[in-house]
Amino acid sequence: MDGMHTTTSFPTDWQLARLKDIQATPSGWIPAEVPGCVQRDWARDRGWPDPNCGQNIRLYDGLEDSAWLYRTKVPHDRELTAQDQRLVFLLGGVDHHAEVRLGGRQIADLTGMESRLEWDVTNDGGNTLEILLHPVPKRHGRPGDRSQASATTKPAVSYGWDWHPRFIPQGLTGTVGFFLCPAVRVTDADVRYELSEDFSCVRLWVTAQATPDAGALAWQLHDPEGICVLRGVVGECAVLSSPRLWWTHDHGEPTLYRLEIHSPDSPLPIWQMRIGFRRVRLVMPPDGWREPSRFPKSRSLPPITLELNGRPLFVKGTNLVPSDLCPSPVDNEPLINLAREAHFNLLRCWGGAAAPSSGFFQACDRIGILVWQEFPLACNLYPDSLEYLAELTAHALLLVRRVRRHPSLALWCGGNELFNSWSRMTDQSLALRHLNRICLEEDPGTPFLPTSPMEGMGHGDYRFLNEHGQDVFVTFQNASNTAYTEFGCPGPASVEAIQKMIPNDELWPPCPGGSWETHHGFGAWEQKHWLCLDVLEHYFGPCPDLETMVARGQWLQAEGYRGIYEEARRQWPQCSMALNWCFNEPWPCASNNSLLSWPHDPKPAYFTVSEACRPVIASARIPRFQWRCGDNFTAEIWMLNDTVRQLPQGEIEVSLREGERRLELLRWHHQDIGAQASLRGPSVHCSLPEVTTSDCFVLELIVQDHPERNSSYCLSLIPKSSPTSCAVPITPELNR
């Protein structure tokens, strides 16, 4: 754990009062959990029902328009008078604007979850500490949607999204409380480094903020085995020869060194942190400079191929969203481990949400997963006003300085979908120019993107079937983006999860309005999304019950996502990324594009995506999902290799399986496959026989002597006589 070597916390009782405005006299105090969210304290005291069920979340509407006052007693103790210890109050962040008072006088005015406060209360004399939360900021004159967040750094997602209810929390975040700390201590430290072009050495600068009596500080660098490999003085440069580089888990070892800071009078380190050495760049793909091919020849598509330590990577990953409706000390390690087990090497932390905790980055450092971190801008036109720019600048400086030390940090991004017609920002928007400047000055070694997507990159599609009757197989096989940084394929939660969130009297059949719509089954993106009952009926006919609906929807999501990830890999190196929307969800959604249902339960699609992202696989490019008996089935066979080693020649057996019947189609004896390369093989063709009992068939690819590379695809099969057809286009609904 980064930070001070030793601290002792004190149990503290907190109380909370709801105020009509910031000038009101408090009354009606209730118990509060700190860190925590005032909405949950209020609901607990009032005995409100589970917000995850039915439409109970609507009980919380409007609470964010109140001011709230926290208070607690300062834990004075005579033993704290020892000269080598101090009693310190720590506050890790506020959501969203707060005044901190000690003994009736204001000691801090804080805005945002990146704000920090450390206050020595040992001899301060105040007996009561109060924290006054202001009402949530809302841009005047805007409707009750995300545009109310278009002049603040408070995460826009809380104001309502197609997978997040309108629930706008307030509270205290991060580490909060009173701690007994050494009198001589480091309050913050950082390390900057520069790798030589050939990675043969690294130059380090260690900086630290310390108490006045800390004296001259020195530091030691220990390798993963605990051996001290370098010593230096804080503020001066030192050089380490032959550093061991930090890699993602799929390309090497995520090597971490331990940096210790020592004071002259302490035998133990007074600060320690883990660091890793890596170089990240965004580079052009092969032949990227050939475009544009016609006059006038203006700028080429921006670089988006991620290069780690001189090696270009195909990025397999996902978009991470909040794990909870309230900022809370959630253990992110299970979530990151699930990403690792899915063979992901990058997580995009989307700009509509708060940046993850330092513990999240530490886990990514250890596990070997890169992080794409966005600033808190999403799908809005953010103003050039001095007030907003001042808040954004302060937030960005704190965020960059907190995160830049982590080797898992891959790139900074201004925010989500800012150059689109609904946001209407441009390269000239002052907010993006400020963010670019801050990143250049504070973290010049990490790439910066103004927004996602940029020209050439893809956001979408988010449907299994589009308005032209084309499924995701067709959509992405016809696409040619430099990166797919968002794409989705909706699928319902499990039957058990749906039964918990939808009351029995609304459970079947699903209908727009009510709890199904509150939990994003309808009216989320378009009127029929995300349950997409019209798509299920298009492929399979009406769903007779909940179990059938869930099974069919999860089948489409699983095979759809598998097809997209594998197609993106086949388009390497012109395409360099595949990041689905999204990995997780902050509360129970009846249906969603997520791979995990709340809190982090894998859907079937998670496992098919895990298979599609294995380092080496046999892969099939299949023209469509649904087939009719008698159709001429066809598929292209490929081998995909993301590893840095050449694969020797081998053999693949391709067959079809329907029920108990199995038909071998071909055997492909493939040649050697280069490192980080794809090899296109032969195509298979066969006439699909008539069936009466099956609704599916399986295409199997068996790699001789390497079962870990096998792949199988479960596809829809319908009799000739069935009225169900994949040829009928679906008419889309307009956005609500």
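Tabulated data
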{"item": "Largest to smallest principal axis extent of the C-alpha atoms in region 329-371, angstrom", "result": "25, 19, 14"}
{"item": "Ratio of the Cα radius of gyration of region 534-591 to 2.2 N^0.38 Å, where N counts its residues", "result": "1.45"}
{"item": "Tail beyond 42 Å, pair distance distribution of the chain (Cα, percent)", "result": "34 percent"}
{"item": "Partners for Lys154 among lysines (Cα-Cα distance below 20 Å; same-chain residues under 8 apart left out)", "result": "Lys138"}
{"item": "D_trans [Stokes-Einstein, Kirkwood Rh over alpha-carbon pairs] for region 513-660, 20 °C, 1.002 mPa s, µm² s⁻¹", "result": "122 µm²/s"}
{"item": "Residues listed by number, region 25-56, amide nitrogen under 18 Å from Lys500 label point at 7 Å toward C-beta", "result": "49-56"}
{"item": "Cys37 long-range amide H proximity, modeled H, under 5 Å", "result": "none"}
{"item": "Cut-off under 5 Å, modelled amide H: who pairs with Ser591 long-range", "result": "Ala493, Gly521"}
{"item": "Kyte-Doolittle mean at least 0.0, axial Cα span of 15 Å or more - DSSP H helices of the chain", "result": "386-403, 430-442"}
{"item": "Mean accessible surface per residue for region 453-522, computed with a 1.4 Å probe while every protein chain stays in place, in Å²", "result": "36 Å²"}
{"item": "Portion, in percent, of the accessible area of region 116-274 that falls on carbon or sulfur, probe 1.4 Å", "result": "49 percent"}
{"item": "Volume per residue that the Cα convex hull of region 416-570 spans, once the total is divided by residue count, Å³", "result": "160 Å³"}
{"item": "Difference of contour (0.36 nm per residue) and Cα-Cα distance, Thr693 to Gln85", "result": "211.2 nm"}
{"item": "Relative packing of 675-684, 660-669, 551-560, which averages over residues the other C-beta atoms within 10 Å, highest first", "result": "551-560, 675-684, 660-669"}
{"item": "Peptides 543-550, 102-109 ordered by average Cβ neighbours within 10 Å, highest first", "result": "543-550, 102-109"}
{"item": "Using a Förster distance of 22 Å, the FRET efficiency for Thr8-Lys73 (Cβ separation, nearest 0.05)", "result": "0.80"}
{"item": "Solvent-free Debye scattering, log10 I(q)/I(0), computed from the Cα coordinates of region 343-469 at q = 0.09, 0.10, 0.12 Å⁻¹", "result": "-0.27, -0.34, -0.48"}
{"item": "Hull volume in cubic angstrom per residue (convex hull over the Cα atoms of region 579-714)", "result": "138 Å³"}
{"item": "Per residue convex hull volume, Cα atoms of region 103-143, in Å³", "result": "90 Å³"}
{"item": "Loop trypsin sites (Lys or Arg not before Pro), region 271-372, which have at most 16 other Cβ atoms in a 10 Å radius of their Cβ (DSSP)", "result": "Arg294, Lys297, Arg299"}
{"item": "Segments 428-439, 447-458, 640-651 sorted - mean Cβ within 10 Å per residue, highest first", "result": "447-458, 428-439, 640-651"}
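The values are calculated or read from the model by the stated rules, or taken from the named source; none is laboratory data. Small disclaimer: the values here were computed from a predicted structure and weren't measured. Note that we place each Cβ from the backbone using ideal geometry, even for glycine, and neighbour counts take in every protein chain shown. All accessible areas refer to the heavy atoms of the entire protein, side chains included, with ligands and DNA or RNA removed. Shrake-Rupley method; radii C 1.70, N 1.55, O 1.52, S 1.80 Å.
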